[in-house]
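A.B. asks: Dropping a structure here in structure tokens format, bear with me for questions.
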Amino acid sequence: MIIYEATKKQFMEHVTEDSIAVKIYEAYVQKIGRTSKNEINAWNNSMNYMYKVLNSTEIPDDIPVAIEYKIPSTSRRIDFILSGFNERGESAVVIIELKQWSEMNLVEEEDGIVQTVFNRTLAKTTHPSYQAWSYARIISDYNESVQEGSVSLFPCAYLHNYIRTPNDPLTNDVYKPYLEQAPVFTKGDALRLRGFISTYIKRSDQRKALYLIENGKIKPSKSLQESLTQMLEGNEEFVMIEEQKVAYEAAIRMAKKAQETGKKQVLIIEGGPGTGKSVLAVNLLVRFTSMELVSQYVTKNSAPREVYAKKLQKKFKKSFISNMFKGSGVYYEALPNEFDTLLVDEAHRLNEKSGMFKNKGENQIMEIIRAAKFSVFFIDEYQRVSLSDNGSKEEIRRFAGMYDAEIEEIPLASQFRCNGSDGFLAWVDDVLDIRETANADGIDFEYDLQLFDEPNELRRAITEKNRINNKARIVAGYCWDWVTESKNNVNSFDIIIDDFKMSWNLGNTTTWAIDSDSIDQAGCIHTSQGLEFDYVGVIIGADLRYEDGRIVTDPFRRARTDKSLSGFKALYKKDSKEALKQAEQIIKNTYRTLLTRGLKGCYIYCVDPGLQDYLRKRIGRMSAFLYERTMDLQLPVAAESRGVYEVNRNAE
């Protein structure tokens, strides 16, 4: 998606009229939502510098200019793009990462990382050349036209406020691999940047390359479970961008420090659904193993571990797999510093005690920190989905302090799931009343969100999507008992809603997420957390309703066979207010997690008519907004977005 688009001549006129920032802002509001004053000021400043760069007959007036292009399957945007034909008549695209920086510090011990000022605070981020290169690489990974050579990408960075000095850290040799891939230009380099552009763009292509970049066939998004084998074989499957790269390099630095100094290191990496926590964890597992560090990937939830094991079994021995991927309850007997690194995914799911009866050890967080020289905790406290889940940043800090460990915390914001739609995640949080969000009715064009009035319709839609590549699943809130007879009997059903009948996953298979016959079975939070699909169909049970103008949770409507609320009744007798408060968080977090499993789309059915009507209005409001702004801008509406609008318009 491109926010602003014009010819070079039109762009120059808008800058001359001093209207360019306003035009970008108006288009941004219509397509995405409101933005900050700082970003508007940045547009105003940077576009005046780009005017100087482009103010030459060397660069044709009719070449296309695109500003703020949203990269597919991420929430990141490219600042400035120019496209055209080169001297051989081939399509070329110049990508320019614009920075307001005036200074930065060298970071020698971390690859591709610099230090600069953000909001008056010195912080680490990726080098501008790395950033521009990584954006081009992600476009290449996803766009078939680029992969096949129909379009060539030429990234660079322009720091128009930055005055370069002798032996400047910006161009230090440690950044040479990225500077060679994406040269950097600074204050006084307008003519050099002009020369870079004119080298690759000689004449207009009438928007051909931009069209291929924006509308070309998108290669299916990579999922962690599909790429795991290649990653463990040492292949680079995912390009890390911005905060991911910062966290990755920080973890490597801290692992080395723990080895060299003997002082424990603890890293907390916090991020919501789809921010790349699991990808980062496995990337680090591969890197630490190559460094000959004794390392393990840890997660309480067995579903991801079993899926990974099944994917790896053809290439790796069972003993290798079992030594690399562990449950969280095995470290109470571990010796101090027995492991070099432990990478704890879904750290919010850690328990206090271990063992089947929760009677072994003292505390899983403490045991992991004690057992490792360096421990990394990947956490999202809004994905705590059981009363026994004890993982929190506060507890990690407390036990790290107990062992005199050095602690660092890094947030992840870049969004890779839900087609990179930060708007959808904000919408989910707002709808579930988890937190108020500024973009409560915003959603990007590419994400397929639909509400179904009948569960059989939802099943038909998900089944159709699953025929593509076995990556669509139905999940449900745990509001129906898992009947013993249904575990291995296809004719016995657990979930019955009028004439809709479905069983929970047969045989309690832990690889339900990738099994070929799983489309006929419903998954729950325990079989889907930590995993992802292309499309997810979510059946919201009677534990979540909409009454008297607000979202209501009802723990008494959960299934007796669900252990997520074990201990609720005892706590309710002791302190009913606290019990209901904790149960409300668990139920909302559960549906937040289920609703955000889909890379490309989410289909919803609600048992409660009130909630169904509320979601219909919320989705209808969003779809009408999307439809209206699309008509205003005369943009093509994605087929799935049209469908959502029509469903809700007719329903009203």
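The values are calculated or read from the model by the stated rules, or taken from the named source; none is laboratory data. The structure presented is a predicted model; accordingly, all values stated were derived computationally and were not measured. Quick reminder, even Gly has a Cβ in these numbers, built from the backbone with ideal geometry, and neighbours come from all protein chains shown. Areas reflect the complete protein model, heavy atoms only, side chains present, ligands, DNA and RNA absent. Shrake-Rupley method; radii C 1.70, N 1.55, O 1.52, S 1.80 Å.
A.B. asks: Could you tell me how many cubic angstrom of Cα convex hull volume the chain has per residue?
C.D. replies: Spread over its residues, the Cα hull of the chain gives 167 Å³ apiece.
A.B. asks: On a C-alpha basis, how far is the centre of the range 1-47 from the centre of the range 446-478 in Å? Whole number, if you could?
C.D. replies: Centre-to-centre (Cα) distance: 38 Å.
A.B. asks: Okay, moving on. Would you mind computing, in nm to one decimal, how far apart the modelled labels at SER19 and ALA413 are, each placed 7 Å from Cα along Cα→Cβ?
C.D. replies: 3.1 nm
A.B. asks: To one decimal place, what Kirkwood hydrodynamic radius in Å is obtained for the range 1-101 from all pairs of distinct Cα atoms?
C.D. replies: On the way: mean 1/r = 0.0707 Å⁻¹.
One decimal place: 14.1 Å for the Kirkwood radius.
A.B. asks: Now for a separate question. Report the equivalent ellipsoid semi-axes for the range 318-402 in whole Å, largest first, defined as the square roots of five times the eigenvalues of the gyration tensor built from alpha carbon atoms.
C.D. replies: 19, 15, 14
A.B. asks: Then there is this: Over the chain, what is the mean sequence separation of C-alpha contacts under 8 Å (at least six apart), divided by residue count, expressed as relative contact order in percent?
C.D. replies: That works out to 12 percent.
A.B. asks: With a 1.4 Å probe and all protein chains in place, put MET104, MET402 in order of accessible area, largest first.
C.D. replies: Ranked from most to least accessible, the order is MET402, MET104.
A.B. asks: In square angstrom, what is the accessible area per residue of the chain with a 1.4 angstrom probe?
C.D. replies: 42 Å²
A.B. asks: Amide H of GLY523 versus every other amide H placed in the peptide plane: which residues, excluding those fewer than 5 positions away on the same chain, fall under 5 Å?
C.D. replies: Sorted by chain and number, the residues that satisfy this are ILE474, VAL475, ALA476.
A.B. asks: Could you give me the ³J(HN,Hα) list for the range 557-567, computed from phi with Karplus coefficients 6.51, -1.76, 1.60 and θ = phi - 60°, whole Hz, x at Gly and Pro?
C.D. replies: 9, 6, 5, 5, 7, 7, 9, 4, 9, 4, x
A.B. asks: For the range 238-357, state what percent of all Cα-Cα pairs lands in each successive 10 Å bin, counting from 0 Å until the bin that includes the largest distance.
C.D. replies: For the range 238-357, the binned pair fractions read 12, 43, 37, 8, 0 percent.
A.B. asks: Leaving out ligands, DNA and RNA, and with a 1.4 Å probe, what % of the accessible surface on the chain is carbon or sulfur?
C.D. replies: Working: 12600 of 27290 Å².
About 46 percent, which is the carbon plus sulfur part of the accessible surface.
A.B. asks: So if each residue of separation counts as 0.36 nm, and I subtract the Cα-Cα distance between MET291 and THR261, what length gain in nm does that give?
C.D. replies: Computed gain between MET291 and THR261 is 9.1 nm.
A.B. asks: Could I ask something else about it? Find how much the distance from GLU362 to ASP433 grows on full extension, using 0.36 nm per residue of separation minus their present alpha carbon separation; answer in nm with one decimal.
C.D. replies: Extra length available between GLU362 and ASP433 comes to 22.1 nm.
A.B. asks: Given H placed 1.01 Å from N in the peptide plane, which residues other than close sequence neighbours of GLU346 have an amide H under 5 Å from its amide H?
C.D. replies: Under 5 Å from the amide H of GLU346: PHE378.
A.B. asks: Can you sort ILE40, ILE586 by 1.4 Å-probe accessible area, starting with the largest? Don't skip to the answer; put the middle values down first.
C.D. replies: Values: ILE40 50, ILE586 0 Å².
Of ILE40, ILE586, the descending order of accessible area is ILE40, ILE586.
A.B. asks: Which aspartates and glutamates, if any, have their Cα less than 18 Å from the Cα of LYS245, not counting same-chain residues under 8 positions apart?
C.D. replies: The reachable aspartates and glutamates, counting only those whose Cα sits under 18 Å from LYS245, are GLU97, GLU108, GLU109, GLU110, ASP111, ASP141, GLU236, GLU237, GLU270, ASP345, GLU408, GLU409.
A.B. asks: To continue, here is another question. Using a Förster distance of 30 Å, how high is the FRET efficiency between LYS581 and ILE468, based on the Cβ-Cβ distance and rounded to 0.05?
C.D. replies: Taking R0 as 30 Å, the efficiency between LYS581 and ILE468 is 0.10.
A.B. asks: Tell me the mean residue ellipticity at 222 nm calculated for the chain from its helices only (DSSP H runs of n ≥ 4, each -39500 (n - 2.57), averaged over every residue, nearest 500).
C.D. replies: Working: 22 runs with 255 residues, N = 652.
Rounded to the nearest 500, it is -12000 deg cm²/dmol.
A.B. asks: Also, quick follow-up: Arranged from highest to lowest average of other beta-carbon atoms within 10 Å per residue, in what order do the peptides 159-167, 324-332 appear?
C.D. replies: 324-332, 159-167
A.B. asks: With the radius of gyration and the Kirkwood radius both derived from the Cα set of the range 275-421, what is their ratio Rg to Rh?
C.D. replies: For the range 275-421, the value is 0.95.
A.B. asks: So, one more: Would you check the accessible area of PHE556, probe 1.4 Å, heavy atoms only, in square angstrom rounded to 10?
C.D. replies: Roughly 110 Å² of PHE556 is accessible to a 1.4 Å probe.
A.B. asks: Still on this structure, I have one more. For the chain, return all DSSP H helices satisfying: extent of Cα atoms along own axis at least 30 Å; mean Kyte-Doolittle hydropathy at least -1.0.
C.D. replies: 609-633
A.B. asks: Each residue of the range 541-548 in order: what ³J(HN,Hα) in whole Hz does its phi give by Karplus 6.51 cos²θ - 1.76 cosθ + 1.60, θ = phi - 60°, with x for Gly and Pro?
C.D. replies: Once θ is set to phi - 60°, the couplings for the range 541-548 become x, 6, 7, 10, 9, 10, 9, 6 Hz.
A.B. asks: Across the range 492-625, what fraction of all alpha-carbon pairs, as a whole percent, falls in each successive 10 Å bin from zero upward?
C.D. replies: In order of increasing distance, the bins hold 10, 37, 36, 15, 1 percent.
A.B. asks: Next up: For GLN115 and SER566, calculate 0.36 nm times their separation in residues minus their Cα-Cα distance, and state this gained length in nm to one decimal.
C.D. replies: Between GLN115 and SER566, full extension yields an extra 157.7 nm.
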